[in-house]
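Everything on this sheet refers to the single structure shown next.
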Amino acid sequence: MICLGIESTAHTFGAAVVEDRILEAEEFRILSDKKDIYKATAGAGIHPREASRHHVETSSSVVESALREAGLRVSDLDFIAYSAGPGLGPCLRVGAVVARSLASYFEKPLVPTNHAIGHIELGRKLLSMNDPLVLLISGGHTLIAARGEGGWRIFGETLDLTLGQLLDQLGRHFGLSSPAGPKIETLANNLKNSEAILDLPYVIKGNDVSYSGLLSAAKDQFAAGKSKESVSFSVQEFAFSTLAEATERALAFTDKQELLVTGGVAANQRLSSMLQKMCASRGVRLGVIERQYAGDCGSQIGAVGFSFFKYGQIVKPKDAFIKQSWRLDKVRLPS
Ligand code: AMP
Ligand code: MG
């Protein structure tokens, strides 16, 4: 079966054509994946209305180029999946309207999906992982989850900022544009050995992490004259260490033998190397999603679209919905 996946939760408008043989052995293939990312002005965050305007302006060319690269027309598709939430309302609405219009005009089944489960399903399919513990780290999420009876269960999460927000907000404080994670990583890598790690708060509460105090302390250190390189390096060390600690505890608790790392921040090499060491010491297989598919993209929505389609979660175009808050542990899925 072939599906068009449409993603529009935040800064990215994405469309992908993906294929899966869901009724036989799974065989997932990405036939095309196209995206256009809204760029906020330097020092500013994502503006929901402007991002949605970006999505309106780019949606038709993104969908068209995804279909062209796959060599298919809308009429060749078996169904259309879109990201129904969680995300920014004005942005979600654009994806829902595009998906609904295509489904209605071409009389195709329409499948609303959960964006977070999309990150996970794409990672599972690309890395051939059956039952992993998942570390989902992105602009919208920082959580540790595993599949339980009837859906996904959360074994740790951030109590305030996500890891992506921490890095993006630090970047904005430095006058950089969002998404700033890759620039913070470069700054951290450029630190000269002579500079020591800064004294910042290491906050972990139970199995949850908290980054707002870390961000405030990092801003104070910058104001006190520490270099961007030194602040970036230290923030990464503290934020990633707490997360690695929480993840190790969740591995011990769930006894999972695989760890899947997905979401935009999964592209960070320092975090991967920390997790690699931790997993090696426990004999756990680590799978980090490839950089190209780490951030928001249509393929993740296509990937989760197949699961939701299989469970019969199909709506009429007039019933297409969005949910700005839609935690993945609130999605009921058959075991
Ligand atoms: P997503 O919401 O999944 O599209 O992920 C976007 C988030 O990933 C943004 O907050 C980016 O700053 C962050 N990000 C992307 N690349 C990196 C990187 N190399 N290191 C850290 N964060 C990153
Ligand atoms: Mg995301």
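Readers should treat all values here as calculations from the given coordinates under stated rules, not as data from a laboratory. Keep in mind the model is a prediction, meaning the values are calculated, not measured. Neighbour counts run over all protein chains shown; Cβ positions are idealised from the backbone, glycine included.
When the helices in the chain are scored as -39500 (n - 2.57) per DSSP H run of 4 or longer and the sum is shared across all residues, what 222 nm value do you end up with, to the nearest 500 deg cm²/dmol?
Calculated at 222 nm, the ellipticity per residue is -13500 deg cm²/dmol.
What value does segment 95-165 have for Rg/Rh, both radii from Cα atoms and Rh as Kirkwood defines it?
Working: Rg = 15.3 Å, Rh = 14.2 Å.
Using Cα coordinates only, the ratio equals 1.08.
If the cut-off is a Cα-Cα distance under 19 Å, which lysines reach LYS316, setting aside same-chain residues fewer than 8 apart in sequence?
Partners found: LYS108.
Among GLU195, GLU290, GLU248, which one shows the highest mean-square fluctuation when the chain is modelled as a Gaussian network with alpha-carbon springs under 10 Å?
Fluctuation is largest for GLU195.
Check the straight Cα-Cα distances from LYS183 and name the aspartates and glutamates below 12 Å, setting aside those fewer than 8 residues away within the same chain.
Partners within reach: ASP168, GLU229.
If I take R0 = 51 Å and measure r between the Cβ atoms of THR41 and TYR311 in this structure, what FRET efficiency does the formula 1/(1 + (r/R0)^6) give, to the nearest 0.05? Each step should come with its number before you reach the end.
Values: r = 42 Å, r/R0 = 0.82.
Efficiency, rounded to the nearest 0.05: 0.75.
With no solvent and one equal point scatterer placed on each C-alpha of segment 10-169, evaluate the Debye formula and give log10 I(q)/I(0) for q = 0.12 Å⁻¹, two decimals.
-0.61
Running Debye on segment 258-335 with equal point scatterers at the Cα sites and no solvent, what base-10 log of I(q)/I(0) appears at q = 0.15, 0.19, 0.24 Å⁻¹?
Values returned for q = 0.15, 0.19, 0.24 Å⁻¹ are -0.74, -0.99, -1.18.
Report the full-extension gain for the segment GLU107 to SER60: residue separation times 0.36 nm, less the Cα-Cα distance, to one decimal in nm.
Difference between extended and current length: 15.1 nm.
How much length is gained on full extension from LYS219 to LYS318, taking 0.36 nm per residue of separation minus their Cα-Cα distance?
Here the segment from LYS219 to LYS318 would lengthen by 30.9 nm.
Can you tell me which of GLU64, GLU258, GLU27 moves the most in a GNM of the chain? Springs connect C-alpha atoms under 10 Å apart.
GLU27
May I ask you to order 208-214, 314-320, 102-108, 2-8 by the average number of other C-beta atoms within 10 Å around their residues, highest value first?
Result, highest mean Cβ count within 10 Å first: 2-8, 208-214, 102-108, 314-320.
Identify all aspartates and glutamates with a Cα-Cα distance to LYS125 below 19 Å; exclude those on the same chain that are fewer than 8 residues away in sequence.
GLU7, GLU19, ASP20, GLU24, GLU26, GLU27, ASP33, GLU258, GLU290, ASP296
Can you check what the Kirkwood hydrodynamic radius comes to for the chain, Cα pairs only, in Å to one decimal?
Mean inverse Cα-Cα distance, inverted, gives 20.3 Å.
Using a 10 angstrom cutoff on alpha carbons, build the Gaussian network for the chain and name the most mobile of ILE30, ILE197, ILE154.
Greatest mean-square fluctuation among the candidates belongs to ILE197.
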